[in-house]
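Comments concern the structure below.
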Amino acid sequence: MQKNQSRIVIEDVRPQINCGEFYIKRVVNEIVNVSAVVLVDGHDIIASSVLYKHEKDKNWSETRMTPQHNNEWNASFSVDKQGYYSYKIEAWVDYALNWQHGIIRKIQDNQYVKSELLEGIQFLQNLVDEENFEEKNYFLHLIYIFGNEASYDEAIREAMSDRLHHIFANHPKKLLTAYSKELKVYVDRVKARFSTWYEFFPRSSSEHYGVHGTLKDCERLLPRVQRMGFDTLYLPPIHPIGEVNRKGKNNTTTAEQGDVGSTWGVGSRFGGHKDIHPDLGNIDDFKALIHKAKEHNVEIAMDYALQAAPDHPWVKEHPQWFKWRPDGTVQYAENPPKKYQDILPIYWESEDYVNLWKACLDILLYWIDCGIEIFRVDNPHTKPYHFWNWIITQVKAKHPNVLFLAEAFTAPKVMHQLGKQGYTQSYTYFTWRNSKHEIIEYVEELTKTDQKEYMRPNFWPNTPDINPHHLQGANESKHIQRYALAATLSSNIGIYGPVFEYMKSEGLIGREEYLNSEKFQVTHYDWNVENKLITVITKINQIRHQHEALQQTNNIKFCYVENSNLIAFYKWNDSKSSEVLVIISLDDHSSQQGMVQLPLGDLGINNGHPIALTDLITSNTYTWKDEWNFVELHPTLPFHIFKIKK
């Protein structure tokens, strides 16, 4: 027999992921909006609360829930510290309010309620007996008049009073209380939600043509990265590069004399994942770079690529960590259609997996001790999900500031699973979403479904691996358009920098790869060159840092525009102290015009109410009074970012 006397049923508690198997995600000072269906048999009045506490707190905090339509209740609470919070729903039948509701209906029906008044005394007495009850004198008076026939008229007035209702509601006697399952939210630092990434290859950082760049050269570029408004500098692998089966230029399988190989072919006679390529410098140079970057308000993000070149020290020291074939070889890594002849995959089903996992953790902890707090993880979808859950949990337990970006361009459910297992951010399909319909559909999926609770998108227009067809040979306007889209749709963004800003977009025929890819060779850039695209990127980044509406992703409403080449959307922060309207032309060759429909309901205004719009790029100002408004955009500056003032 079920020994549960509570009459309350709590179900459909949201947010929760996989029935509470995984935590939802927030950053410091964000809000958790909680909803649930709360039911009771019959017609009794019920009440419910959200209980929540930080992992280091002993006591639960409480926020009362508000009833909505169809037995749904909601409430919210704020998370102000990093780490885990627990939350659950508590619900009960409120017998005191039940009594008041019943007596009011009878009084309104002109019934004599002396007996009901006497019943009410017990609810009054329950509160009078509590210590520090501030309404004790008032309740003692009610007890007297409820039991005194001569005070009947006053008694029924007080029984129906709002004052009594509020006291009962705020001081409930919780009997036979029901509780939902306890759920968790993990709270990160704010950079998990808002970051602006810049990527370049350290070996291409030299001022001199034909010279291998160094970590000292990277230091020289830090003021430029900061000036452009980037706060995260991501460096592809800086470790020794394998010499066995080294790749040549343009991914050829035979390296010529002087070919430097792929930075992702980690490991050689010079060391492995805890070592630095000797041509880049040494560990002291790297620590100096980390320190210098922080002086420029830039964090260094490091690549974490769990794979090995054939001459990686692990291959000889731990052969059991690789799967050997009968002919004594290891099948090289593949991520169809790509082949990596210079890389051996780790054998994750090795009987020695415990030591393998520990070695992988030691790599992270080593670089964290050097000052690294952000890792971009290469191809995480080719390693076990449970491994990622374990290693991320281990790291975050001691180093909560550490963030992980999943570089997994793969099936949606696979990307979702990585987010659930603990990844802070994820690369996305934005790189390929080009039409208005594709963009809106994808952003709605990210921001209006459960994905918003566990998968923080990071929008990259390009990467060293991906030179999308729409950027190959594209003009300046297209590059501006793609950066404006990424930077305003998503609060986390990044670019593979010099190639993007200098528009070096020539591709291999029929493939989304760069011709003369920097993955396989040193490239020389004149880092002193400035152009319009760099100026626009810098300005957009400044705007992002100045306007909180653009420092989050989920508060977005697409606006109707009578033109398939124009996309418009409204964004706001939680307090609505920052609101922007963004309009972008998707045509990089011709002017486009159309009528934009303002989301009056979301703006909280009526048609005819004037709003002031300031273009944050040009500083031009406009006043719109109508629901529908005309816009025209030219390829020379194919977007507006309007600050809204109502």
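The values are calculated or read from the model by the stated rules, or taken from the named source; none is laboratory data. Remember, predicted model here, so these are calculated numbers, not experimental data. Virtual Cβ from ideal backbone geometry, glycine too; neighbours counted across all protein chains shown. Protein only, heavy atoms only, side chains kept; ligands, DNA and RNA dropped before computing areas. Shrake-Rupley method; radii C 1.70, N 1.55, O 1.52, S 1.80 Å.
Largest first and in whole Å, give the semi-axes of region 522-646's equivalent ellipsoid, each being the square root of 5 times a Cα gyration tensor eigenvalue. Working shown, then result.
Working: eigenvalues 156, 67, 32 Å².
Rounded to whole Å, the semi-axes are 28, 18, 13.
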**Message:** Taking the full set of protein chains and a 1.4 angstrom probe, give the accessible area of residue 208 in square angstrom, rounded to the nearest 10.
**Reply:** 120 Å²
**Prompt:** Which loop-located GluC sites (Glu not before Pro) does region 144-219 contain, where loop means any DSSP state but H, G, I, E or B and the Cβ has at most 10 other Cβ atoms within 10 Å?
**Reply:** none
**Local electrostatic count at residue 331 - Lys and Arg +1, Asp and Glu -1, tallied over other residues with Cβ under 11 Å** = +1
**Request:** Quick one: order 356, 508 from most to least accessible surface, probe 1.4 Å.
**Result:** 508, 356
**Prompt:** Using alpha-carbon pairs under 8 Å, 6+ residues apart, how would you state the relative contact order of region 439-544 in percent?
**Reply:** 31 percent
**Cα gyration tensor category, rounded, prolate or oblate, for region 445-502 with a/c compared to 1.5** = prolate
**Prompt:** Tally Lys and Arg at +1 and Asp and Glu at -1 over the other residues with C-beta under 13 Å from the C-beta of residue 633: what net charge comes out?
**Reply:** -4
**Coarse-grained scattering of region 359-480 at q = 0.13 Å⁻¹, given as base-10 log I(q)/I(0) from a Debye sum over alpha-carbon atoms** = -0.60
**Prompt:** For residue 476 and residue 157 in the same chain, what is the full-extension length gain: residue separation times 0.36 nm, less their Cα-Cα distance, in nm?
**Reply:** 107.3 nm
**Prompt:** When the accessible area of region 347-434 is computed with all protein chains present and a 1.4 Å probe, what percentage of it is carbon and sulfur?
**Reply:** 51 percent
**Message:** Helix-only mean residue ellipticity at 222 nm, the chain, DSSP H runs n ≥ 4 weighted -39,500 (n - 2.57), per residue, nearest 500. What is it?
**Reply:** -8500 deg cm²/dmol
**Prompt:** Rounded to a whole number, what is D in µm²/s for region 277-345 from Stokes-Einstein with the Kirkwood radius over alpha-carbon pairs (20 °C, 1.002 mPa s)?
**Reply:** 143 µm²/s
**Request:** Would you mind finding the longest exposed-site-free stretch of the chain, with exposed chymotrypsin sites (Phe, Trp or Tyr not before Pro) meaning DSSP loop and at most 13 other Cβ atoms within 10 Å?
**Result:** 210-559
**Complete:** Per-residue accessible area, 1.4 Å probe, largest first, puts 386, 165 in the order 386, 165
**Request:** Using only the alpha carbons, work out the radius of gyration and Dmax of region 35-183 in angstrom.
**Result:** 18.0, 60
**Between region 337-365 and region 301-325, the alpha-carbon center distance in angstrom** = 6 Å
**Complete:** Put 26, 220 in order of accessible area, largest first, probe 1.4 Å, and you get 220, 26
**Request:** Give the accessible area for residue 294 in Å² (nearest 10); use a 1.4 Å probe, count only protein heavy atoms, and leave out ligands, DNA and RNA.
**Result:** 110 Å²
**Item:** region 89-166 and region 493-570: distance between their alpha carbon centers, rounded to Å
**Value:** 66 Å
**Message:** Can you tell me, using C-alpha contacts under 8 Å and at least 6 residues apart, the relative contact order of region 60-131 as a whole percent?
**Reply:** 16 percent
**Complete:** Taking the square root of 5λ for each eigenvalue of the C-alpha gyration tensor of the chain, the equivalent ellipsoid has semi-axes, largest first and in whole angstrom, of 57, 33, 20
**Request:** Can you check what the Kirkwood hydrodynamic radius comes to for region 485-558, Cα pairs only, in Å to one decimal?
**Result:** 14.6 Å
**Request:** List the residues whose amide H sits under 5 Å from the amide H of residue 459, counting only those 5 or more places along or on another chain, with H placed 1.01 Å from N in the peptide plane.
**Result:** 492, 493, 494
**Prompt:** What list of whole percents do you get for P(r) of region 184-297, with Cα-Cα distances grouped in 10 Å bins up to the one holding the largest distance?
**Reply:** 13, 38, 31, 15, 3, 0
**Request:** Report the accessible area of residue 284, computed with a 1.4 Å probe over the heavy atoms of all protein chains in place, in Å² rounded to the nearest 10.
**Result:** 110 Å²
**Item:** Gap separating the Cα centres of region 583-615 and region 232-253, nearest whole Å
**Value:** 47 Å
